[in-house]
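Asks: Sharing a structure here in structure tokens format.
No lab work stands behind these numbers, since they all come straight from the coordinates. Just so it is clear, the structure is predicted and the values come from calculations on it, not from any experiment. Cβ atoms come from the backbone with ideal geometry, glycine included; neighbour counts cover every protein chain shown.
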Amino acid sequence: MPERLLLTGNHAAAYGAMLARSEVISAYPITPQTMIVELLSELTASGRLDAKFITVESEHSAMAACVGASAAGARAYTATSGQGLALMHEMLHWAVGARLPIVLTNVSRAMAPGWSIWSDQSDILSQRDVGWMMLFAESVQEAQDFIIWMYRVAEQVFLPGMVGMDAFILSHTAEPLIVHDQEAVDEYLPGFQPLYDLDPEQPRAYGGLVNRDHYFELRYKVYENMERAGQLLIDAGEEFGEVLGHKYTPLEGFMLDDADYVLVSAGAMTSNVRQAVRDLREKGIKAGLLRVIAFRPFPVKQIRQKLGGRKKVAVLDRNMSAGHSGIFAEEIRSALLGRPDAPPVYGYVVGIGGRDVRVETAHEVMNDLLVRDEPEMSLFVGVKGLPIGPLRSDYEIRPLEPLEVMR
Amino acid sequence: MSGLDHVDNYPEIPVSLAATSTVLKTGAWRSVRPVIRIRTAPCSAYCPAGISIPEYFDHLKEEKLDEAHSVFMERNPFPRITGRVCPHLCEQGCNLAVATDEKPLSIRSIERWLGDQTADLPHPYPTEETGKQVAVVGAGPAGMAAAYYLRRSGHKVTVFDRRESAGGILRYGIPEYRLPTAVVENEIEKLEDMGVEFRMRLALGTDLKLEDLEAAYAAVFVATGATGQRSTGIEGESLLEPGLAFLEAANRNLASLPGERCAVIGGGNTAMDVARMLQRMGAKVTVLYRRTLAEMPAIEEEYERALEDGVDFNWLTQPRKVTKLGDKLLVTVEQMRLGTPDESGRRRPEPTGITRELRFDGVFSATGEKADTAPFPDRLRDSHGWLDLDGDGATKDPLVYAGGDLATGPATVIEAVVAGRNAARAIDAELGYADRWPAEPPADTVSPAEVNVTYMPHHDRAEDPPAVTADPFAEETNTLTAADVLGEIDRCLSCGYCNTCGTCFVFCPDGAILWDNGPRIDHEFCKGCGICVNECPGHAMVLVNEREVSHA
């Protein structure tokens, strides 16, 4: 029978890995992810989870161990955060090229320096192009369930996937959690069948040298499988509802059907945005929410369908790509580009480095959206001493320093 | 590489087929492997005889003259002769000319040097006599080549010829200044020394009957050439002097000039030889040719030398009528123009109706010779009267073979040599010895796009230097020096043949090429990066899919 417990997001992630019957766990502790590793090491030590726990000296090695384990046919799991995910970067590519369906939980935190352990999407979004699937959890429940959902799809398309959850807001906050019945999860997620069996009697090298004649085709297949994963996430999310009681989708709308003004959000801050939408509706403003759950593969068609024809769209980014804009805003603009019914997309950068994104913050964004005529790439919300707006117009761009004339 | 031409045939990830141990050395990364492979150089592919040119060059480079000579002799026994008169199609094929802006390798001149260096090297006496006797009729290049290969194979060979001396067109057709008689005689002596019997002054059809030869010999090869004069269709033809007969008379020192101003009709090699010989005898020669230089079949080099000798060329000039006017000949010629291409691909000359008259002391025809097939019974000829032959020169009669100009009409010396060799091989097989001939060169030819010219030395092409002599009939060029030959061979990319240049050894980034008198690929460590294949100047290496060479 399912259990109902009060648990933090980190412990929920550990339960997710356990319910998924992860067979090899290799991780390196890092704040704010440490509790995941601690609980999983306890669960394996006690025998409650039948898995091999491999301690390593770095996140790079943690992912390398997962790569080896997955290649050998084991369901492999790891968790990390911020600098740790950055250190894994090379091995993240390896998992994609070797077509290994590893699942990773990233407790998103801001990148150093300045040294910060607080919530921020920059770490995970910096891995946008490695070829991992990416899901953004909003709740403790999702921190657990998305691991199971992700394995279900990853092992079909032989691509790895990561689940992002917000530092502290989810990782260290306890919420009621339904821990699913193991038999039901087993029904949903059968054992992992690897692409190739590693046999010591017949030693082979996997992922060896590929010349210019052949690499492109291998990568093309990665793209094809990522494309296929888009539909499989929908189907597997549906199945999750049938077998485990809650249906998941790559996108989630709230009061969206007749909304003129749509706020787009991802991750834990969405809960506050949702509350703001409720408030706005009471005031008679036709506001709505679109929550992005699947970031890779990006649900381009559904985004077009959900946002086409709206009066204005505001995208809340807890990240920013210096030199461009918030990354969600950029992705959504690009999905809508050239569509005849494309709404203007206003990019709002909020909550950088763990600054709170409150219900009031969402109201401030909506107030600005209603009166602002021109969509901007980036509108900064809450920079001290500055109103909501683009880069300040009175900022003096200093000319190039003159060269010292050599005499 | 087979199987990987469509994305659907690709695996999800590259997996090596097998490693030799669980300790995976870098060789296990490999999905393709370099293989040192003998491929055909374009020079060899263009050579009618298919001589393994980079191979004998490599032996010359190593100063192994005997090995070079024996490689050559597998396909052509007369380097001294073809080294002088061959149209060297090999050089047309040379990858250097396409892959660089340099001139092709001077292959014929190296061949000539090889021939001269080995002039005194006797042909090997056959190790085992078969006891079979083969008759060869015609002692020209085809007959001589057939005699060489048949004798070398252990058969007794008797060569018959209608003239008093052997050599055929080599002795009686090609002028002395291009091919000295001494060179031809040297080859005949060497054939005699290996046991070939020459019986002269016996003509097929009169002194010899084909059926008598068939009765007396295990096989007969007929190569009596093409010396019959083809009708020119010119009114007053009897006033023309046949060009080939003139060349024979000149080679016998019996020719005399009809006067100072001479004309030669035709644009082939015989026309060039006649014109140049006349010019050297003191005449002022004009070649009358009905098409233009672009369509002229003569070897370009011979045309250029004719120009150097002072020969004049009248293009688009078709003689129509020759009449006698006192002691002069009056030639009425019609101006032609080029029309649509004919079956040979050359533009056809069309009459314009405009005529003029030219005056000469003598007019020579060199518009092509024809073969005399009269000695052959009808059953061996096709409906056009040509001999009915397969590719090796076999007639419908299993004992009778034919080849050379007799079969093809006027062609080159090397083509006659190839015909002689092919017939010898076919006769040898017919007599029960099919397996002792080398395989034909592989069809896989190295293309100009594959070669790497980055590391080749750049210097002028070595060509036969002009001879300094006052005698217009002495050989007009000299043979290269050994130093020139070795320098010229340095320019050779050695297409498709590993000449142990060491480029792969130098460039392998993994030290996976070992050196045992030549490259050896260490498959324990070769990652299959393909750099060696790209760097190999002559592309004597190829990448093959590991699946094709390794166990599954």
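Asks: Along the Cα-to-Cβ line of residue A:112, 7 Å from the Cα, sits a label point; which residues in segment A:40-68 have backbone N less than 20 Å from it?
Replies: Hits in segment A:40-68 for residue A:112 at 20 Å: A:56-63.
Asks: In addition: For segment A:315-407, run through the GluC sites (Glu not before Pro) and keep only the ones in DSSP coil with at most 11 other Cβ atoms within 10 Å of their Cβ.
Replies: On the way: sites: A:330, A:331, A:360, A:364, A:376, A:396, A:404; in loops: A:376, A:396, A:404.
Within segment A:315-407, the qualifying GluC sites (Glu not before Pro) (loop, at most 11 other Cβ atoms within 10 Å) are A:396, A:404.
Asks: Return the Cα extents of chain A along principal axes one, two and three, sorted largest first, each rounded to a whole Å.
Replies: Sorted largest first, the three principal extents are 74, 70, 40 Å.
Asks: Using only alpha carbon positions, build the gyration tensor of segment B:200-240, then give the equivalent ellipsoid semi-axes as the square roots of 5 times its eigenvalues, largest first, whole angstrom. Before the final figure, lay out the partial values.
Replies: Values: eigenvalues 225, 22, 13 Å².
Sorted largest first and rounded, they come to 34, 10, 8 Å.
Asks: Continuing with this model, one more query. Shape call for segment A:252-380 from the C-alpha gyration tensor, a ≥ b ≥ c root eigenvalues: rounded (a/c under 1.5), prolate (a/b greater than b/c) or oblate? List each step's numbers first, then the result.
Replies: Working: a/c = 1.32, a/b = 1.05, b/c = 1.25.
Rounded, since a/c falls under 1.5.
Asks: Subtract the Cα-Cα distance of residue A:271 and residue A:228 from 0.36 nm times their separation in residues, and report this length gain in nm to one decimal. Before the final figure, lay out each step's value.
Replies: Details: separation 43, 0.36 × 43 = 15.48 nm, distance 2.98 nm.
Extending this stretch completely gives an extra 12.5 nm.
Asks: What full-extension length gain, to one decimal in nm, is calculated for residue A:1 and residue A:56 as 0.36 nm per residue of separation minus the Cα-Cα distance? Spell out each step's value before the answer.
Replies: Details: separation 55, 0.36 × 55 = 19.80 nm, distance 3.55 nm.
Between residue A:1 and residue A:56, full extension yields an extra 16.3 nm.
Asks: What share of the DSSP beta bridges in segment A:252-380 is antiparallel, in percent to the nearest 5?
Replies: Values: 3 of 19 bridges.
The answer is about 15 percent antiparallel.
Asks: First obtain the Kirkwood hydrodynamic radius of the protein assembly as shown from its Cα pairs, then insert it into the Stokes-Einstein equation at 10 °C and 1.306 mPa s, and state the resulting D in µm² per second as a whole number. Don't jump to the answer; show the numbers that get you there.
Replies: On the way: Rh = 36.0 Å.
Rounded, D is 44 µm²/s.
Asks: Pairing the Cα long axis of helix A:359-371 with the longest principal axis of chain A, what angle in degrees results, from 0 to 90 and rounded to the nearest 10?
Replies: 50 degrees
Asks: Can you give the percent of C-alpha pairs in segment A:12-159 whose distance is more than 18 Å?
Replies: Working: 5625 of 10878 pairs.
That tail contains 52 percent of the Cα-Cα pairs.
Asks: Taking R0 as 60 Å, what's the FRET efficiency between residue B:439 and residue A:235 from their Cβ-Cβ distance, rounded to 0.05? Display every interim value, and only then the final one.
Replies: Working: r = 60 Å, r/R0 = 1.01.
Efficiency computed from Cβ-Cβ geometry: 0.50.
Asks: So, one more: What per residue convex hull volume, in Å³, comes out for segment A:109-218 when only alpha-carbon positions are used? The partial results should precede the final answer.
Replies: Working: hull volume 19.1 nm³, N = 110.
So the per-residue Cα hull volume is 173 Å³.
Asks: May I ask for the distance between the Cα centers of segment A:181-216 and segment B:317-363, given as a whole number of Å?
Replies: Here the answer is 82 Å between Cα centres.
Asks: Right, here's the next one. Going by alpha carbons, how many degrees (0 to 90, nearest 10) lie between the helix axis of B:141-152 and the longest principal axis of chain B?
Replies: Around 50 degrees separate the two axes.
Asks: Rounded to the nearest 10 degrees, what's the angle between the helix A:270-282 long axis and the longest principal axis of chain A, both from Cα atoms, 0 to 90?
Replies: Between the helix axis and the principal axis of chain A, the angle is about 40 degrees.
Asks: How crowded by other chains is A:209-222, given as the mean number of beta carbons from other chains within 10 Å of each beta carbon? Please list the in-between numbers first.
Replies: On the way: counts 13, 7, 9, 1, 6, 9, 1, 2, 8, 6, 0, 2, 6, 2.
Partner-chain Cβ atoms within 10 Å, mean over residues of A:209-222: 5.
Asks: Show that you can apply the helix-only estimate: for chain B, add -39,500 (n - 2.57) for every DSSP H stretch of four or more residues, divide by all residues, and state [θ] at 222 nm to the nearest 500.
Replies: On the way: 20 runs with 163 residues, N = 552.
The helix contribution divided over chain B gives -8000 deg cm²/dmol.
Asks: Need one value for A:95-103: mean number of C-beta atoms belonging to other chains within 10 Å of its residues' C-beta atoms. Spell out each step's value before the answer.
Replies: Numbers: counts 0, 0, 3, 4, 3, 1, 0, 0, 0.
Mean shielding count: 1.
Asks: What number, rounded to the nearest 500 deg cm²/dmol, is the helix-based mean residue ellipticity at 222 nm of chain A, given -39500 (n - 2.57) per DSSP H run of at least four residues and division by all its residues?
Replies: Numbers: 12 runs with 155 residues, N = 407.
Computed mean residue ellipticity for chain A: -12000 deg cm²/dmol.
Asks: Please give the average number of partner chain Cβ atoms lying within 10 Å of the Cβ of each residue in B:29-40, rounded to a whole number.
Replies: Partner-chain Cβ atoms within 10 Å, mean over residues of B:29-40: 2.
Asks: To continue, here is another question. Just for chain A, what percent of DSSP beta bridges are antiparallel, to the closest 5?
Replies: Numbers: 13 of 49 bridges.
Close to 25 percent.
Asks: Compute the semi-axes of the equivalent ellipsoid of segment B:158-232, taking the square root of 5 times each eigenvalue of the Cα gyration tensor, and list them largest first in whole Å. It would help to have the intermediate numbers written out before the result.
Replies: Numbers: eigenvalues 109, 75, 15 Å².
Equivalent ellipsoid of segment B:158-232: 23, 19, 9 Å, largest first.
Asks: Under the rule of at least 5 residues apart or a separate chain, name every residue whose amide H is placed under 5 Å from the amide H of residue B:350.
Replies: B:337, B:338, B:339
Asks: How charged is the neighbourhood of residue B:141? Take every other residue with its Cβ under 10 Å from the Cβ of residue B:141, and add Lys/Arg as +1 and Asp/Glu as -1.
Replies: On the way: positive: none; negative: B:187, B:405, B:415.
Taking every other residue near residue B:141 into account, the sum is -3.
Asks: A follow-up question, please. Take each of the peptides A:164-173, A:180-189, average the number of other beta-carbon atoms within 10 Å over its residues, and list them starting from the highest. Intermediate results must be reported in sequence, preceding the final value.
Replies: On the way: A:164-173: 24.9, A:180-189: 16.7.
The peptides rank, most packed first, as A:164-173, A:180-189.
Asks: Percent of Cα-Cα pairs more than 16 Å apart in segment B:474-552, please. Provide the component values of the computation, followed by the final result.
Replies: Working: 1875 of 3081 pairs.
Within segment B:474-552, distances greater than 16 Å cover 61 percent of Cα pairs.
Asks: Then there's this: Could you give the length gained by full extension between residue B:8 and residue B:343, i.e. 0.36 nm per residue of separation minus their alpha carbon distance, to one decimal place? All intermediate terms of the calculation are to be shown ahead of the outcome.
Replies: Values: separation 335, 0.36 × 335 = 120.60 nm, distance 4.65 nm.
Between residue B:8 and residue B:343, full extension yields an extra 116.0 nm.
Asks: Which of the chymotrypsin sites (Phe, Trp or Tyr not before Pro) across segment B:390-465 are loop residues per DSSP, with 12 or fewer other Cβ within 10 Å? Could you put the intermediate results ahead of the total?
Replies: Working: sites: B:401, B:433, B:455; in loops: B:433, B:455.
The qualifying sites are B:455.
Asks: Would you please give the FRET efficiency between residue A:392 and residue B:490, computed as 1/(1 + (r/R0)^6) with r the Cβ-Cβ distance and R0 = 56 Å, to the nearest 0.05? Write down the numbers at each step before the final one.
Replies: Numbers: r = 71 Å, r/R0 = 1.28.
Rounded to the nearest 0.05, the efficiency is 0.20.
Asks: Then there's this: So how do B:36-47, A:112-123 stack up, highest first, on mean other-Cβ count within 10 Å? Don't jump to the answer; show the numbers that get you there.
Replies: Working: B:36-47: 22.5, A:112-123: 17.7.
Peptide ranking by packing, descending: B:36-47, A:112-123.
Asks: Under 20 °C and 1.002 mPa s, how fast does chain B diffuse according to Stokes-Einstein, given a Kirkwood radius computed over C-alpha pairs? Answer in µm²/s, whole number.
Replies: Details: Rh = 26.3 Å.
Approximately 82 µm²/s, per Stokes-Einstein.
Asks: Something else about it: Under a point spin-label approximation (7 Å from Cα along Cα-to-Cβ), what is the residue B:38-residue B:199 distance to one decimal in nm?
Replies: 4.0 nm
Asks: Additional query: When only DSSP loop residues count, what trypsin sites (Lys or Arg not before Pro) in segment B:180-285 have their Cβ near at most 16 other Cβ atoms within 10 Å? Show your work: numbers first, answer last.
Replies: Numbers: sites: B:190, B:199, B:201, B:209, B:230, B:252, B:261, B:276, B:280, B:284; in loops: B:201, B:209, B:230, B:252.
Passing sites in segment B:180-285 are B:201, B:209, B:230, B:252.
Asks: Calculated FRET efficiency, residue A:370 and residue A:322, Cβ-Cβ r, R0 35 Å, to nearest 0.05?
Replies: Working: r = 28 Å, r/R0 = 0.81.
Step by step, r from the Cβ atoms, then E = 0.80.
Asks: Once label points are set 7 Å from the Cα along Cα→Cβ at both residue B:128 and residue B:384, what is their separation, rounded to one decimal in nm?
Replies: Computed distance between label sites residue B:128 and residue B:384 equals 4.3 nm.
Asks: Only bridges with both residues in the protein assembly as shown count here: give the DSSP antiparallel percent, nearest 5.
Replies: On the way: 45 of 113 bridges.
Once the DSSP bridges in the protein assembly as shown are tallied, antiparallel ones form about 40 percent.
Asks: Then there's this: At residue B:185 and residue B:449, where each label point lies 7 Å from the Cα along Cα→Cβ, what is the point-to-point distance in nanometres?
Replies: Distance between label points: 5.4 nm.
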